[in-house]
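Beneath this line is the structure, given in structure tokens, with notes to follow.
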Amino acid sequence: MSHTRTEWFSTFRYVVPADFENWMEKLAADGWNVDKIGQWSSIRMVFRKTEPKQYRYIFDIHTSTKRDYLETYRQFDWEFVGQMASCFIWRKEYTTVRPESFTDLESVEKRNRNVMNAVLVSFILFVVITIVMIAAALLSSSRMSSEETLQMILFIAFAGLFSTYLGWVVWKIFRNRER
Amino acid sequence: MFFILFALREEKHGYGIMQDVEKITSGRIKLGAGTVYQSLSKLESDGLIQPTQEIERKKQYQITKIGEKILSEEIDRIRELFRITEDFK
């Protein structure tokens with residue numbers, strides 16, 4: 001039996017913060033844990049087989065944290081697992097009461113709004129890129145070779161698909177903003 | 001926000017705020033780290049609290065004059081609500 005397990009594109013699959021947290025918690029309960037989360041963990045995350053653990057995971061996002069952000073969480077006994085870009089992952093082991101980091105609806109919504117806004121920026125960017133590429137293709141279609149046309153179509157298709165995916169992510173987080 | 005502002009009539013750090021709020025609400029409200037950090041950032045940017053010093057990497061905060069004024073107004077509002085609803089069963 002393998003003692004490691006690799007998960008690909010986890011943050012792209014579990015786009016709602018609460019879903020990501022629950023997924024990590026379920027893996028921990030099954031005895032799969034990460035030692036450290038790093039910049040590329042959103043693409044590839046390696047879990048190690050351990051004893052089953054009852055961890056509460058927290059997904060938080062801050063584009064610019066103040067110096068006391070990490071210290072505040074540590075004061076509350078949260079273990080810093082790692083950071084992917086501006087996403088911070090915390091965990092705390094528990095036995096009976098499942099600990100929370102966001103203890104009122106206002107702060108849960110604020111966290112989710114911050115995540116949604118970060119995705120929204122990428123969504124708008126990709127929509128603009130898609131529109132610009134379509135306009136450029138239409139304006140210069142007569143001057144392009146068949147190979148250039150194919151490349152352009154593939155690029156537009158990719159940008160369009162990714163824009164649609166990002167739009168779906170924004171919608172899904174918005175629909176789940178209260179948890 | 002009200003309880004955090006209320007707790008910061010005396011200088012405290014994040015965890016100290018949580019302990020104070022839990023105590024004054026008889027355990028009913030137990031603030032989490034994310035909520036405390038968000039609230040402190042918001043209250044500080046609104047000028048209602050200010051950092052005072054750092055002890056063992058723990059940043060201490062205290063209410064400002066504007067914060068005291070807002071807190072006092074909020075207490076008056078709650079007192080009025082209490083007075084109005086006192087006889088209501």
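Taken together, the values in this text are just the output of simple stated rules run on the coordinates, not laboratory data. Treat the numbers as computed from the prediction; the structure is a model and nothing was measured. FYI the Cβ positions are ideal-geometry reconstructions off the backbone, even for glycines, and counts take in every protein chain you see.
Just want the answer: with Cβ charges of +1 for Lys and Arg and -1 for Asp and Glu, which residue in A:T63, A:F102, A:S141 is farthest toward the dipole's positive end in the protein assembly as shown?
A:S141
State the answer as a single residue: which of B:M1, B:G32, B:V21 lies farthest towards the positive end of the charge dipole of chain B, with beta carbon charges of +1 for Lys and Arg and -1 for Asp and Glu, about the Cα centre.
B:G32
Given a cut-off of under 8 Å on Cα pairs at least six residues apart, what relative contact order in percent is computed for chain B?
Across chain B, relative contact order equals 30 percent.
Using a 10 Å cut-off on Cβ to Cβ distances, tally the other chain neighbours for every residue of B:56-66 and report the average as a whole number.
The shielding value for this peptide is 2.
Structure shown: which of A:K172/B:K59; A:K53/B:K42; A:K49/B:K12; A:K110/B:K12 lie over 31 Å apart, alpha-carbon to alpha-carbon?
Table pairs above 31 Å Cα-Cα are A:K172/B:K59; A:K53/B:K42; A:K49/B:K12.
Which chymotrypsin sites (Phe, Trp or Tyr not before Pro) from the stretch B:20-89 combine a DSSP loop assignment with at most 10 other Cβ atoms within 10 Å?
Those satisfying the criteria are B:F88.
Treating the beta-carbon of each Lys and Arg as +1 and of each Asp and Glu as -1, no other charges, what is the dipole magnitude of the protein assembly as shown about its Cα centre, to the nearest 20 debye?
420
If you place +1 on the Cβ of every Lys and Arg and -1 on the Cβ of every Asp and Glu, how big does the dipole about the Cα centre of the stretch A:4-93 come out, in debye to the nearest 20?
220
Using a Förster radius of 25 Å, what is the FRET efficiency between B:E74 and A:V97 based on their Cβ-Cβ separation? Nearest 0.05, please.
My answer for the efficiency is 0.25.
Which semi-axis lengths, in whole Å and largest first, follow from the square roots of five times the eigenvalues of the Cα gyration tensor of the protein assembly as shown?
Each semi-axis is √(5λ); the values are 43, 26, 17 Å.
With every atom except the alpha carbons ignored, what do you get for Rg and Dmax of the stretch B:2-85, in angstroms?
13.3, 47
Ignoring solvent entirely, what values of log10 I(q)/I(0) come out of the Debye formula for the stretch A:20-61 at 0.15, 0.18, 0.28 Å⁻¹ when each Cα is a single scatterer?
-0.34, -0.49, -1.08
Have a look at B:L43, A:M152, B:Q62 and report the one farthest towards the positive end of the charge dipole of the protein assembly as shown, computed about the Cα centre with Cβ charges (Lys/Arg +1, Asp/Glu -1).
Projecting each Cα onto the dipole axis, the largest value belongs to A:M152.
At what distance in nm do the modelled label points of A:Q151 and A:T63 sit from each other, each positioned 7 Å from its Cα along Cα→Cβ?
Result: 3.3 nm between the two label points.
Please express the Cα-Cα pair-distance distribution P(r) of the stretch A:4-93 as a list of whole percents, one per 10 Å bin, running from 0 to the bin with the greatest distance.
In whole percents, the pair-distance histogram is 17, 53, 27, 3.
With a cut-off of 8 Å between alpha carbons and a minimum separation of six or more residues, what is the relative contact order of the stretch A:1-143 in percent?
Relative contact order here is 21 percent.
How many nm is it between the label spots at B:K42 and A:E51, if each spot is 7 Å from the Cα in line with the beta carbon?
4.0
Rounded to whole Hz and in sequence order, give me ³J(HN,Hα) for the stretch A:23-34 from the Karplus expression 6.51 cos²θ - 1.76 cosθ + 1.60, θ = phi - 60°, writing x for Gly and Pro.
Karplus-based 3J(HN,Hα) across the stretch A:23-34 equals 5, 5, 5, 5, 4, 4, 5, 8, x, 10, 9, 9 Hz.
Which far-off residues, 5 or more places away or on another chain, put their amide H under 5 Å from the one on B:Y61, with H placed in the peptide plane?
B:K12, B:H13, B:T52
Would you work out the charge dipole size for the stretch B:1-61 about its Cα centre, treating the Cβ of every Lys and Arg as +1 and the Cβ of every Asp and Glu as -1, and quote it to the nearest 20 debye?
Here the size comes out at about 200 debye.
Could you run the Karplus curve 6.51 cos²θ - 1.76 cosθ + 1.60 with θ = phi - 60° over the stretch A:53-60 and give me ³J(HN,Hα) per residue in whole Hz, x for Gly and Pro?
Listing the rounded values in order: 10, 9, 9, 9, 9, 10, 10, 10 Hz.
What residues qualify as long-range amide H neighbours of A:G31, i.e. H under 5 Å apart, gap of 5 or more or another chain, H built at 1.01 Å from N?
Here the answer is A:K53, since their amide H atoms fall under 5 Å of that of A:G31.
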